Amino acid sequence: MVLIRNSMEEKEENKYSIIVPTYNERLNIALIVYLIFKHLQNVNFEVIVVDDGSPDGTQEIVKQLQQVYGEDRILLRPRPKKLGLGTAYMHGLKHATGNFVVIMDADLSHHVSEKCFEFRKQRETGASIVTGTRYVKGGGVHGWNLMRKLTSRGANVLAQTLLWPGVSDLTGSFRLYQKSVLEDVISSCVSKGYVFQMEMIVRASRKGYHIEEVPITFVDRVYGSSKLGGLEIVEYLKGLVYLLKSGCGEHFILPVSELSLDMSNTVLETYRVVLDTISDQCRTVYA
């Protein structure tokens with residue numbers, strides 16, 4: 001396992017605010033915090049838990065963690081109810097004291113040790129954003145069935161085709177931002193749900209920020225149930241239409257003036273064609 005061994009000067013210079021949105025993550029939050037402290041022990045960081053009123057006792061677990069690690073290292077910044085992933089990041093950003101902001105899921109779907117590679121990539125390249133990707137050599141997904149893999153891959157291929165964002169994984173939530181860059185990008189975003197990740201990276205690309213990628217392995221959650229369902233997929237497709245409408249799809253074949261938010265059916269049909277194409281390729285490979 002590769003760990004970043006910062007000098008004391010580097011440790012004092014950079015501080016990382018790790019924003020972890022939660023909803024019903026009582027079974028995961030203690031382990032993810034433990035892993036953060038284990039693998040990032042040579043890094044100056046704080047963990048900001050933004051909990052959306054979880055009824056399962058997530059906040060009580062976080063308060064216990066504060067007694068172990070300190071309230072200056074574990075910040076609990078709750079909200080009264082579910083208000084969306086995008087606004088959770090905005091809420092956490094208000095309380096961030098680091099010059100870098102890290103975003104990640106609480107469901108153990110990411111290997112915390114891979115954050116080290118993002119930190120190193122940023123130092124080596126001076127990138128404004130370093131994002132994890134499942135779709136380059138060294139990256140991948142474990143624990144998903146074929147249909148879920150096709151759905152995820154199809155969603156990314158569709159967005160790549162329409163938006164040309166310059167990155168291979170638009171929907172990932174394993175990223176490192178310079179704080180000033182995140183503040184600039186997030187102020188122009190309007191999405192609230194899972195499409196928020198896509199909007200942030202697309203807008204950052206359009207603003208000309210330096211974006212680097214590192215391969216990551218995504219693992220399906222161990223405890224709890226996934227919060228991604230049919231509604232989120234519909235919102236994703238609507239989000240694509242919105243980004244095209246707002247001018248992010250500068251390479252799209254249709255003029256922006258001809259787009260409307262009623263184009264969801266057209267985008268959905270395109271998505272179906274993309275999935276069929278990928279399915280045919282899979283059948284050819286595994287035949």
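A short reminder: the numbers here are calculations on the coordinates, not readings from a lab. Just so it is clear, the model here is predicted, and its values are computed rather than measured. Cβ atoms come from the backbone with ideal geometry, glycine included; neighbour counts cover every protein chain shown.
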R0 of 25 Å, Cβ-Cβ distance Glu13-Asp184: FRET efficiency to nearest 0.05: 0.70
Largest-first ellipsoid semi-axes for region 27-176, taking √(5λ) over the Cα gyration tensor eigenvalues, angstrom: 27, 19, 16
